[in-house]
Amino acid sequence: MPRSIFCLGLFVLLALPSLAQDDGVTSSRRTGAAPERGGPFDITVHYTNISGDPSAAVPGMPGVFFDPGTSTTHFDRVYGSANGHWALTALTDQATTLDEILLVDDVVVAQEGTAASWAAGENVGLLDTQVRVNDSGDWVFATNTDGPTGTDEYLLLGSGGGISVVAQEGAAIPALAGAFWGSTIESGVILNSGVVGLVSDSITGAGVTTTDNEILVQGSTLLGREGITVPGGQVGSEPWDNFDLSDIWMSADGLHWLAQGDLTGATATDDVVVVDGAVVIQEGVILAGSGFANPVDGSGIVGVHMTAGGQWYARGNNDTTEQDWIYGSGGLITSGGSPIFGGAAEVWDDTDFSDLFFLHVGNSNGDFVIGGVTDAASSANGVLVLNDTTVVVRESDPIDLDGNGMFDDDTFFDTFGNDDAHLTDAGILYLVATIKDGTDTRVGQGLFSIDLTSVVPVELLSFEVD
C-alpha cells in the first residue's frame, strides 16, 4: 500500500560521489554552495523494488515482487490523466516470459505471457512502455502476441469492461480507405471522449508504397502521412518522413496535437516538432523569440510533451554553443546558465549531464515542473523545480520508506529518470526515481507522488542522522 512521507526542507548533504541523471554513468564529483533542499511537500511512496520491503509487493499478485536491481528500467515512464489516473509498465521477479506487467491505478491489467483476452489462443507479448490513460480511467497500450505473423500487432483499449482492439495488423484503417494497419502499431493516445490516436508504419493497400506507408491518425481522421502531408511553418516545403516512437501527444479534447519526427529534406533541417500541423521547432533553425544566435543543433531536439489542456513543451540544445534550453507554447522558458528559479544563486549547469535538462511536464492550469542538473555539488545537483519558483525535490533528499514519519531508513533520492513524471491538474506530481543509501550506493527504483499543494508544518518534520 502507498505510504505518505515528508520531504525535508533542510538536510545535511552527503559527501560521496553520485551518479549522473538516468544514464547510470558515474559523474566526477563537484563541490558547490549548499543548495536549497526540496520543499516540505507531502510525498507518497507507491512502490519500490527494494528486496524485502513491503513496497516491493506487486498488487493483486500474492508472492510476486517487483524485479530487484539498480537499473533505471524496473519501472518505466509513468503516464497519467489530468484528474489523477496513472499507468506504467514494470518488471516483476517472475520468469522472463511472464515478468512484464501493466499497472493502472494500482491494478495489474495486463501481463506478458498470459492469455490475450481479445485474441483466442494467443498470449500477450512484450508491452510498449508508452501507456496513456484518460479522465475516465480508460487506457491504451500496444503489444504483439504469439499469434500468426501478419496479424499479431495490436493497439488496445482497456476499461473496467475489459480490453478491446483499436487497431490490428492487417485490418482495415478507418482513416484511410483501402489501406490496412502495418506491422508496427505504436504511440497510442486516448482522448476523454474515448477516441484513440496512434501511429502505424509499413501499412499496406492499393497504391501504398514504401515512401508513404507510415501514418498518424486520431480516430477516423488522418493527421499526417509520410511522403504526402507537408507540415506548415517550416523552412522549406518537405513532407513527413517518419514519426518518432512515443513522441505523439494530444490534448484531452482532441483539439490540439503534437508530433516529433523527421521531414524528407536535408538531414541538417529534417528533425521537427509539429503542433496542430505547423512546425514550431526545426533542426538548423533558431528558436523563434529566443534571442539565441545559434540554431537548434543536429539531433538537438531531445524531448517533447503536451498537456491535457494543449500547452506544449520541448527541450534540446543549440549548434556550436551547445546551449541547452526548455521551450514551449509561450516561448523560451529557461536555458543553461540561468538561475534555477528567480533570485536563486544556483544555476542550471551541464557539467555532470551533457543534456542538462531531463524532464519537463505541465498541467492544464499552466503549472509546470522542470528537471535538470545544476552547479551544486554532484551529490545534490539533480533537481525538480515548480513554476520557476520552488524546489520540489532534489537528489539526496531523504525518503521515509516505512512511513513512520522519520527519515531513519537510510534511503535517499538518487537520479530522476528522463521524462519519468506526470503532473495532474490538482497538483500531484507522479515520478519514477532511483534510490540510494547513505554511502551513495544505488539500491533500487521506485514510483512516488508529491502533493505540490500541501506544505507539511515544520513541527511535523523530523530526521535522524545515524
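The values are calculated or read from the model by the stated rules, or taken from the named source; none is laboratory data. Everything numeric in this text was worked out from a predicted model, so none of it was measured. Cβ coordinates were reconstructed from backbone atoms using ideal geometry, including for glycine residues, and neighbour counts include every protein chain displayed.
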Looking at region 204-211, is at least one residue modelled with pLDDT of 95 or more and within 29 Å of the chain's Cα centre (by Cα)? no
Residue match in region 303-325 (condition: under 25 Å from GLY224 (Cβ atoms), assigned to a loop (DSSP other than H, G, I, E, B) and of a type in the set (Val, Ile, Thr)): yes
Counting only residues that are among the small types (Gly, Ala, Ser), give me the strands (runs of 3 or more DSSP E) lying completely in region 165-265 with at least 1 of them. 184-190, 196-201, 221-225, 240-250, 257-263
Return the total of residues in region 163-190 being buried (at least 22 other Cβ atoms within 10 Å of the Cβ) and either closer than 18 Å to ASP244 by Cβ or in contact (Cβ under 8 Å) with a residue 60 or more places away in the chain (or both). 5
Condition set free of Cβ contacts under 8 Å to residues at least 40 places away in the same chain and aliphatic (A, V, I, L, M), scope region 92-101, selection surrounded by the fewest Cβ atoms within 10 Å (Cβ to Cβ): answer is ALA95
Among the residues of region 130-154, write down those that are surrounded by fewer than 18 Cβ atoms within 10 Å (Cβ to Cβ) and β-branched (Val, Ile, Thr). THR149, THR151
Go through region 302-341 and report how many residues are of a type in the set (Val, Ile, Thr), crowded, with 23+ Cβ neighbours inside 10 Å and either under 15 Å from the mean Cα position of the chain (by Cα) or more than 24 Å from LEU386 (Cβ to Cβ) (or both). 2
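Quick grid of which residues meet (1) within 22 Å of the chain's Cα centre (by Cα); (2) within 15 Å of TYR313 (Cα to Cα):
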{"site": "ALA252", "(1), (2)": "yes, no"}
{"site": "ALA259", "(1), (2)": "yes, yes"}
{"site": "LEU263", "(1), (2)": "no, no"}
{"site": "THR267", "(1), (2)": "no, no"}
{"site": "VAL280", "(1), (2)": "yes, yes"}
{"site": "ALA288", "(1), (2)": "no, yes"}
{"site": "PRO295", "(1), (2)": "no, no"}
Only one of (1) among the aliphatic types (A, V, I, L, M); (2) surrounded by 20 or more Cβ atoms within 10 Å (Cβ to Cβ); (3) within 30 Å of ILE173 (Cβ to Cβ) fails for LEU126. Which number is that? (2)
For region 348-393, which positions are under 17 Å from GLY300 (Cα atoms) and part of a strand (DSSP E or B)? PHE357, PHE358, LEU359, HIS360, GLY372
So VAL383 passes all but one of these: (1) closer than 30 Å to ASN134 by Cα; (2) in contact with a Ser or Thr (Cβ under 8 Å, 6 or more places away or on another chain); (3) surrounded by fewer than 24 Cβ atoms within 10 Å (Cβ to Cβ); (4) not aromatic (Phe, Trp, Tyr). Which condition number does it fail? (3)
Of all residues in region 266-292, which are β-branched (Val, Ile, Thr) and in a loop (DSSP other than H, G, I, E, B)? THR267, THR269, VAL285, ILE286
